[in-house]
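One structure is given here, and the rest of the page talks about it.
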Amino acid sequence: MRSITLRSRPALLLLLALLAAFVIACGGGSGDTAAVVTAVPKNPRDAAERWLELWKDGKYDEMYSLVSAKAAAGITKQDFVDRYTAIYDEARLTGFDYEIRTSAKSATQVEFKVTFHSSFFDDWPEVNTIPLVQDSAVAASSTGTPAPNLTDDWKVDWTPSLFFKGIAGDDLVHFFTKVPKRGTIFDRQGKPLAVDATLPVVGVVRDAITDPEAVVSGLVALGIPEADVRAQINSTLPSYYFLPVKTLDYGTPDDQVQKFRDLVSLGVVVQDKTTRLYPNGDSAAHILGYMTEVSEDQLKTLSADGFQPGDKIGASGLEGQYNDQLAGKRGGLLATVTPQGTIDQTVQQKSALAGQDLWLAINEDVQKRAEAELGTRTGALVVMDPRDNSVLAMASYPRFDPNAFIRGLTSDEANKLFNDPQQPFLNRAVLAQYPPGSTFKPVTLAAGLEKGGYTPDSSLPCPPVWEGLGEKYAQKNWQTVDRGYLTPSEGLMASCDPVFYEMGKTLDEIDENLFPEFIRQFGYGSPTGIGIEEAAGNVPDPKWKEDNIGEAWFTGDAVNMAIGQGFVTATPMQIVNVYSALAKTADLRTPLLVWKLTQGAAAQEFAAKEIHPLPIQQSTLDAIRYGLYLVTQSPSGTSYAAWVGTSLDVAGKSGTAEDLSQGSDHVFFAAYANRSDPNIVALGALEEGQSGSAEVAPMLRHIMEAYEAGELGSNAALPPVTQPASTSTPAPVTTAP
């Protein structure tokens, strides 16, 4: 069989070092000799059957007792046991079955067929022959020296080829992993967000250098620091090693790479390496996640899939959740290798299967703009298309750079990153839980109109102080002037707390569970179903308060909840998902983040799944929409100043929520446009701020205006799902509320 030679000395040394860790070569000498067995095989066939049975049971030390004296002189018992153990492990064997094909008991060549079972390879058969000799030469003595054997026993005239037929002499057995291309993660426009990239690595081979100073000057002229070049030229590593000096950036033009290749006569070498790369750095980091080396515990199961120490695996975000699809299936080659590093014979092989590509609903341009608008303010900003409920952007700050995990973090870098009190790994869009403040008031308005006996024409007072729970429990409005009587829509326009206090009080007096149950039908208190790890938020009710606070429920709890304060919490994704429903369909749907998985021409597509229609009539929906319009476009609206002069026909709502644990306010703004046919809805949340209208609304305005103007790529909805397809994203991953 044709051999494949591993030509370079560095590669040969590395291979032999790896092989030494797995397989023990045959040792010489006769320090250990065969021990006498209690059940002595009296004919060749019995000896062969005894040999195969012991092998199948993994009793290698007892197998050694059946090795002929001549063969035992060439390998010690410990080396024999180690070799069988190592080959068994290297081949990922889980067992085998055998059958003896020679019927005559007197034959000294016993043919057998073994069918190997492996956790990695498919079952494969091998026909081999056991040579047997009548051995009376030696038996173990108490002194460890050879002693005459008084009986003529049939022994196995062992050679390494009795494990695999292809093993000859001092050949080793090695498992070579074939790592497939990891799937690319694309945005909706086909722009790569995570790729397996081939990067040029510039280095030197000292054996090929005749003029070190010429190498230094040549590389320095191309922008590589002199100290980096000299460090490799003066390295104490073997002179034939390839010593990397610099890895060029992804996307380096070919003509720039060629300038380094042109220095080959000086001893400069350019090699390619494949690595996971995130071209946009920390952009969308929380969505994409990161990769880390497999742990020892993971290897206990992943070794069967071809993973080895040092390999990387998706650890968080979509890299983690879709790791199996992105990673594909590893292939492998089980081969015999000569001590010189030559692959001699193939024992078994398995082709690798490339990973699937993951397409997101994310628009890279919108994502980057959202991150730029958020800047270094701690919080989140989510943008969606209400037509198909797809997520255009999901920004969270602070972030991390997933490329750092590919390069490798130092212990100091890791400690700083993982112990940062600002929690850069927290995806605040789906995991942070805030009191939603006044962004919650449309839900209260809906409950009041549907369950509280109010109508769109109802008139409710908006005094500076509300005493609906008695003078002792008087609540202040955020404005100090009396706004008179307002309709529910005008209550939204003015964000009048007393209007919603009154509705919350009425609902609670009807049934203290009525309001909480209604709120849950808007998706609060449950994961949205976006398909990545998310928090559920909290909708308090009498039972929850008793179980968690140890106190009875009061009407004041419902009143607080009516303005998005108290014990009610929500994630930014939950809030924007409600506004998406209000803007377009009045149906609560799962947000669509993962659009499709593809492999060649095959595709598995996903669409937002309808959860249920919002529990409101058209008249209620109209009242909410009118109120949100007044907020931004009426001079009396709380956010009129933030939107005056805009080209958008926009509707929205600001919100401020106290966080007593932090002693600061959270501020929000939610908006959608254009009202007649909305194609964008957005929500911004800042953990610390003064005004949602003054601080968050301008962020959304910049994004929405640029999007409508076509400055952020196509603003078309995703194509309809084609068959075959899945109508929902994978089951949501939820954390405890």
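The values are calculated or read from the model by the stated rules, or taken from the named source; none is laboratory data. Nothing here was measured: the structure is a model prediction, and the numbers come from that model. Every residue, glycine as well, gets a Cβ built from its backbone with ideal geometry; the counts of neighbours run over all protein chains shown. Protein only, heavy atoms only, side chains kept; ligands, DNA and RNA dropped before computing areas. Shrake-Rupley method; radii C 1.70, N 1.55, O 1.52, S 1.80 Å.
Table: residues versus (1) aliphatic (A, V, I, L, M); (2) touching a strand residue (DSSP E or B) at 6+ places or on another chain (Cβ under 6 Å).
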site: Arg377; (1), (2): no, yes
site: Phe400; (1), (2): no, no
site: Arg407; (1), (2): no, no
site: Leu417; (1), (2): yes, no
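Restricted to segment 140-164, and to residues there that are touching a Ser or Thr at 6+ places or on another chain (Cβ under 9 Å), at pLDDT 50 or above and part of a loop (DSSP other than H, G, I, E, B), the residue that is nearest to Leu54 (Cα to Cα) is Trp158.
Which members of segment 52-99 meet the condition of being over 44 Å from the mean Cα position of the chain (by Cα), small (Gly, Ala, Ser) and not in a loop (DSSP other than H, G, I, E, B)?
First, the residues of segment 52-99 that are over 44 Å from the mean Cα position of the chain (by Cα): 52-54, 61-77, 99.
This time we only want the ones that are small (Gly, Ala, Ser), so: 65, 68-69, 71-74.
Within segment 52-99, Ala69, Ala71, Ala72 qualify.
With the condition kept exactly as written, say whether any residue in segment 427-434 is assigned to a helix (DSSP H, G or I) and either in contact with a Lys or Arg (Cβ under 7 Å, 6 or more places away or on another chain) or under 22 Å from Gly655 (Cα atoms) (or both). Can you show your working first?
Start the filter on segment 427-434 by keeping residues that are assigned to a helix (DSSP H, G or I), which leaves none.
Looking for residues that are assigned to a helix (DSSP H, G or I) and either in contact with a Lys or Arg (Cβ under 7 Å, 6 or more places away or on another chain) or under 22 Å from Gly655 (Cα atoms) (or both), one finds none in segment 427-434, hence no.
On the stretch given as segment 679-698, residues that are crowded, with 24+ Cβ neighbours inside 10 Å and either of a type in the set (A, V, I, L, M, F, W, C) or over 32 Å from the mean Cα position of the chain (by Cα) (or both) total 10. Taking the criterion of being among the polar types (S, T, N, Q) and in a helix (DSSP H, G or I), the only residue of segment 489-504 that qualifies is Ser489.
Look at segment 639-657: where a residue is under 18 Å from Gly627 (Cβ atoms) and β-branched (Val, Ile, Thr) and a partner is open to solvent by 10 Å² or more (accessible area, probe 1.4 Å) and part of a helix (DSSP H, G or I), sitting 6+ places away or on another chain with Cβ atoms under 9 Å, you get Val650/Tyr629; Val650/Gln633; Val650/Arg701; Thr656/Ser438. Scanning segment 292-310 for residues that are over 21 Å from Thr94 (Cβ atoms) and touching a strand residue (DSSP E or B) at 6+ places or on another chain (Cβ under 8 Å) yields Thr292, Glu293, Gly310. When segment 635-662 is filtered for residues that are closer than 21 Å to Glu695 by Cβ, open to solvent by less than 60 Å² (accessible area, probe 1.4 Å) and assigned to a loop (DSSP other than H, G, I, E, B), the ones remaining, listed by number, are Gly637, Thr638, Ser639, Thr646, Leu648.
Go through segment 199-299 and tell me which helices (runs of 4 or more DSSP H), entirely inside it, have 3 or more residues that are closer than 30 Å to Gly375 by Cα.
Details: elements: 212-221, 226-233, 254-261, 285-288.
Those helices (runs of 4 or more DSSP H) span 285-288.
Exactly one residue among Gln633, Gln565 is out of contact with any Phe, Trp or Tyr (no Cβ under 8 Å at 6 or more places or on another chain) and touching a residue at least 12 places away in the same chain (Cβ under 8 Å), and that residue is Gln565.
With respect to being more than 30 Å from Pro238 (Cβ to Cβ), open to solvent by 30 Å² or more (accessible area, probe 1.4 Å), among the hydroxyl-bearing types (Ser, Thr, Tyr) and modelled with pLDDT under 60, Ser30 fits the description.
May I ask you to list the residues in segment 511-531 that are among the hydrophobic types (A, V, I, L, M, F, W, C) and either open to solvent by less than 10 Å² (accessible area, probe 1.4 Å) or over 27 Å from Ile611 (Cα atoms) (or both)? Even if it seems obvious, please write down each step before you answer.
The first filter runs over segment 511-531 and keeps only residues among the hydrophobic types (A, V, I, L, M, F, W, C), leaving 514-515, 518-519, 522, 530.
Result: Phe515, Phe518, Ile519, Phe522, Ile530.
Within segment 472-486, does at least one residue satisfy the condition of being free of Cβ contacts under 8 Å to residues at least 60 places away in the same chain and in a helix (DSSP H, G or I)? Within segment 472-486, one or more residues are free of Cβ contacts under 8 Å to residues at least 60 places away in the same chain and in a helix (DSSP H, G or I).
Taking first residues from segment 315-331 that are on the phi > 0 side of the Ramachandran plot and partners that are in a strand (DSSP E or B), the Cβ contacts under 8 Å between residues at least 6 apart in sequence or on separate chains come to Gly328/Leu353. Would you be able to say whether some residue in segment 333-354 is touching a strand residue (DSSP E or B) at 6+ places or on another chain (Cβ under 9 Å), closer than 22 Å to Gln599 by Cα, open to solvent by less than 50 Å² (accessible area, probe 1.4 Å) and not in a loop (DSSP other than H, G, I, E, B)? Looking through segment 333-354, none of the residues is touching a strand residue (DSSP E or B) at 6+ places or on another chain (Cβ under 9 Å), closer than 22 Å to Gln599 by Cα, open to solvent by less than 50 Å² (accessible area, probe 1.4 Å) and not in a loop (DSSP other than H, G, I, E, B).
Considering only residues of segment 184-214 that are open to solvent by less than 40 Å² (accessible area, probe 1.4 Å) and among the small types (Gly, Ala, Ser), which is nearest to Ser714 (Cα to Cα)? Taking the candidates together, the pick is Gly190. The number of residues in segment 612-633 being in a helix (DSSP H, G or I) and surrounded by 17 or more Cβ atoms within 10 Å (Cβ to Cβ) comes to 13. Inspect segment 85-95 for any residue being open to solvent by 70 Å² or more (accessible area, probe 1.4 Å), modelled with pLDDT of 50 or more, closer than 27 Å to Gly331 by Cβ and among the hydroxyl-bearing types (Ser, Thr, Tyr) and give the result as yes or no. Taking every residue of segment 85-95 in turn, at least one turns out to be open to solvent by 70 Å² or more (accessible area, probe 1.4 Å), modelled with pLDDT of 50 or more, closer than 27 Å to Gly331 by Cβ and among the hydroxyl-bearing types (Ser, Thr, Tyr). Residues being open to solvent by 10 Å² or more (accessible area, probe 1.4 Å) and assigned to a loop (DSSP other than H, G, I, E, B) are entirely absent from segment 436-450. In segment 396-426, the residue that is least open to solvent (accessible area, probe 1.4 Å) out of those that are in a helix (DSSP H, G or I) and either under 30 Å from Pro615 (Cα atoms) or charged (D, E, K, R) (or both) is Glu413. Considering every residue within segment 594-604, establish whether at least one is in a helix (DSSP H, G or I) and surrounded by 22 or more Cβ atoms within 10 Å (Cβ to Cβ). Scanning segment 594-604, I find no residue that is in a helix (DSSP H, G or I) and surrounded by 22 or more Cβ atoms within 10 Å (Cβ to Cβ), so the answer is no. At pLDDT 95 or above, within 30 Å of Ser495 (Cα to Cα), touching a Ser or Thr at 6+ places or on another chain (Cβ under 7 Å) and not in a loop (DSSP other than H, G, I, E, B): does that describe Ile575? Yes: the conditions hold for Ile575.
Name the residues in segment 100-135 that are in a loop (DSSP other than H, G, I, E, B), in contact (Cβ under 8 Å) with a residue 60 or more places away in the chain and over 30 Å from Ser303 (Cα atoms), would you?
Of the residues in segment 100-135, the ones in a loop (DSSP other than H, G, I, E, B) are 101-108, 119-123.
When the remaining residues are screened for being in contact (Cβ under 8 Å) with a residue 60 or more places away in the chain, the result is 105-108, 119-122.
Correct list: Lys105, Ser106, Ala107, Thr108.
What residue, among those in segment 550-582 that are more than 24 Å from Leu431 (Cα to Cα) and out of contact with any Gly (no Cβ under 9 Å at 6 or more places or on another chain), is surrounded by the most Cβ atoms within 10 Å (Cβ to Cβ)? Don't jump to the end; show me each part of the working.
Initially, segment 550-582 is screened for residues more than 24 Å from Leu431 (Cα to Cα), giving 550-559.
Adding the requirement that they be out of contact with any Gly (no Cβ under 9 Å at 6 or more places or on another chain) leaves 550-554.
On the way: Gly550: 7, Glu551: 10, Ala552: 9, Trp553: 19, Phe554: 15.
Step by step, filter segment 550-582, then rank; the result is Trp553.
Return the residue satisfying two criteria in turn: it lies in segment 238-253 and is within 28 Å of the chain's Cα centre (by Cα) and of a type outside the set (Asp, Glu), and of such residues it is most open to solvent (accessible area, probe 1.4 Å).
Pass one, segment 238-253, residues within 28 Å of the chain's Cα centre (by Cα): 247-252.
Filter again for of a type outside the set (Asp, Glu), leaving 247-248, 250-252.
Numbers: Thr247: 55, Leu248: 12, Tyr250: 110, Gly251: 67, Thr252: 38 Å².
By that ranking, first place goes to Tyr250.
Residue count for segment 154-183 under the criterion of being open to solvent by 10 Å² or more (accessible area, probe 1.4 Å), within 30 Å of Gly328 (Cβ to Cβ) and aliphatic (A, V, I, L, M): the result is 2.
Is at least one residue of segment 537-549 under 27 Å from the mean Cα position of the chain (by Cα), of a type in the set (Asp, Glu) and surrounded by fewer than 22 Cβ atoms within 10 Å (Cβ to Cβ)?
Initially, segment 537-549 is screened for residues under 27 Å from the mean Cα position of the chain (by Cα), giving 537-538.
Remaining after also requiring of a type in the set (Asp, Glu): none.
Looking for residues that are under 27 Å from the mean Cα position of the chain (by Cα), of a type in the set (Asp, Glu) and surrounded by fewer than 22 Cβ atoms within 10 Å (Cβ to Cβ), one finds none in segment 537-549, hence no.
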